[in-house]
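Computed from the coordinates by the stated procedures, all read-outs in this text should not be read as laboratory data. Values in this document were obtained by computation on a predicted structure and should not be read as measured data. Cβ placement follows ideal geometry from the backbone for every residue including glycine, while neighbour counts extend to all protein chains displayed.
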Amino acid sequence: MATEKNDILSKLIENAAVMVLYLNHFGNILLCNKKSESVLGLNQSEVIGKHWMGVLFGNMNKIINKNMFKAVVDEAMTYKREKNFACLINQRLISWTINPVLDKNNQVEAVALFGQDITEINERESSIKNIDTSLKDIFSSIKEYALYVINLEGNITYLGMGLEIMLGWNKKDLIFKNAGILHNASAEYPDLEFILKQVHLFGRYETEAELITKTKEVLPVILTVNQFLDGEGKLTGYIFMAKDITERRKLEYQIFQSEKLAALGQLSAGMAHEINNPLFVISGRLEMLKDESFNQKVKDNLALIANQTDRIRELVDRILKFSRKSTPAQEMIDVNKAIEAVLSLIRYNKLPSSRIEIKQIRANNLPKIKGDLHQLQEVFLNILTNAYQSMPEGGVIKIITSNFQDSCVQIQIIDSGVGIPEHHLKNIFMPFFSTKNDGIGLGLSICHNIIKNHNGSIDLVSQVNQGTTFTIKLPFI
Amino acid sequence: MLYKILVVDDEAPVRDLFDELFRKEDCEPVSCATGEEALKILKKEPFDVVLLDIKLPGMSGLEVLKNIREFDKNLPVVMITGFGFDEDLIAKTKQFGCSGYIGKNMPVAQIITTFKQFVKKAMEKSKTP
């Protein structure tokens, strides 16, 4: 029975896919199997009886590896511990298990070395490792998207360069912080909690959202969120991909605005026309009654009617002016002179006694622009009148003209008045929008149309109780 | 009588008002509501001037003007509109050969004065060879 078992064992060892070497406690090889012969490139006869170091490292030049391996084998012999080690033999990477073999007295009688050739496995693993590294590089190099990964606790575990560029945060500002720091909570867009719930349900979720920059500004983005699964398909976190859509939003808003303005223009023009006809009849009939003799009460009433009719006519005129898409006249205009004319009109006719100081900073040699003097003066008059009205207690209006990037004349009108609340800013150029009690709300929308017809731009920034700055740019010819 | 005037406007109260206003000015107004009617009348009897609304049902005021110019180059035609002073519209009417342009948004007295000025100018122009 025992012989039979020994036979099987020796066959097993002989044909094993691992290298088997059996050393006596001096380190001489007593036995080696076929796999050992093939890896070492030696016959049994060249191996048996030789010291293991000579056989294994005969033509080995990696001294460190050799010495370390020796130390491991020595340790196994001395301390009777099973040890593991890997080394290169004939360009093959061998992973060794080193077993001390003990005699009856528990003394080391021999050492068995089992060596597994892991060259291919190792190559595969290292190439996977390479892929991992380059994937990481790829992700962190993407600049158009802000990429970040959060774990199940909601903490940021990875962020790419895109996020740093887009939002201004550094890696160390965000890493291991809760992702809530990045997400703006607004009623308009889903919050982080909702997003994660959706991802949980559907595996992925895409939405418009707002992210917070390092300077606490809000950036509109398209956010795509995916589950982050490990190799076994277990959920370990979430991958966020955000694309900045500021420009798209701006464009959409502009299109929306101009469509709205165009529609309103058409509607207003039609309405104004319809009002003008009956108005003409009313005022014509009133005119005819002027020559008749009435008592004072009737006369007073007629005067009142005439007065109110004039008011309607004025309003209709403003509406028609707003809706008109007339092409501006093409005259050469010196912007500084145009402003000067408007200022003298304001100074001497409109608001002579106000405690408002006007400071002008004019660019010299400002190129002339081509356009409609009357229309542009109407714009300046409108903005300056608004500026005056915004400073009932007096203040300073600065008018700065400059050459903007050699392409435009830039006109800035800066007041130190009451300012415009933020929620009104987006409506400021809309027709019939007014913050004044007696305003029709057409002034700035007319200005907007005029400047647009001159291929220019008009923008404003405003802060409540600080003032408002209008910036107009009119292109050179 | 100062002028025989054809008033073309689709709104009766407007026509009536002009009728009274012109009569007060010692003119002889005749009125009609459409461009088609106006052309028929003009072909039948002579007028000194036409006051023509731009926005008319069917044939527009501009088309009527174009038609008039096909058979009469000199007849003074003054356009009137509820659209006020629309520079593009004014340019177009001039191109079609109108003698003047009046907005219904002007004060009535001014409308009559302006109208008479236009007619006078147009008549002088047609007299000069």
*Across the residues of A:309-317, average count of Cβ atoms on other protein chains within 10 Å?*
2
*asked:* Cross-link candidates for B:Lys125: which lysines have Cα within less than 16 Å, leaving aside residues fewer than 8 places away along the same chain?
replied: B:Lys73, B:Lys94, B:Lys116
*Not counting the cut sites, what is the longest span of chain A without GluC sites (Glu not before Pro) that DSSP labels loop and that have at most 12 other Cβ atoms within 10 Å?*
A:293-392
*So what's the Cα pair-distance distribution over the stretch A:124-244, bin width 5 Å, in %?*
2, 11, 20, 25, 20, 12, 5, 3, 1, 0, 0
*For chain A, count all C-alpha to C-alpha pairs, find those more than 28 Å apart, and express that count as a whole percent of the total.*
73 percent
*May I ask you to derive the relative contact order of chain B, considering only C-alpha pairs under 8 Å and at least 6 residues apart, and to give it as an integer percent?*
20 percent
*From Cα coordinates alone, what are the radius of gyration and Dmax values for the stretch B:1-76 in angstrom?*
11.7, 32
*Ellipticity estimate at 222 nm from DSSP helix runs (n ≥ 4, -39,500 (n - 2.57)) divided over chain A, nearest 500*: -14000 deg cm²/dmol
*Could you state the orientation-averaged shadow area of the convex hull built on the Cα atoms of the stretch B:39-129, in nm² to one decimal?*
6.1 nm²
*When the convex hull of the Cα atoms of the stretch A:126-166 is projected onto a plane and the area is averaged over all directions, what value comes out in nm²?*
3.2 nm²
_As I understand it, the dipole of chain B uses +1 on the Cβ of Lys and Arg and -1 on the Cβ of Asp and Glu, about the Cα centre. Which of B:Gln117, B:Leu89, B:Ala12 lies farthest toward its positive end?_
B:Gln117
*Where the only charges are on Cβ atoms (+1 Lys, Arg; -1 Asp, Glu), what is the dipole of the protein assembly as shown about its Cα centre, to the nearest 20 debye?*
1160 debye
*Just tell me how shielded A:267-277 is by partners: mean number of partner chain Cβ atoms within 10 Å of each residue's Cβ, no decimals.*
4
_Order these by the 10 Å Cβ neighbour count, fewest first: B:Ser126, A:Ser416, A:Ser141._
A:Ser141, B:Ser126, A:Ser416
_Cβ-based charge dipole, the stretch A:197-314, positive-most Cα from A:Gln257, A:Ser268, A:Leu235_ = A:Leu235
*Nearest-ten-degree value, helix A:246-289 long axis tilted from longest Cα axis of chain A*: 10 degrees
*asked:* Quick check on the stretch A:408-477: what does the Kirkwood estimate of hydrodynamic radius come out to from the alpha carbon pairs, in Å?
replied: 12.7 Å
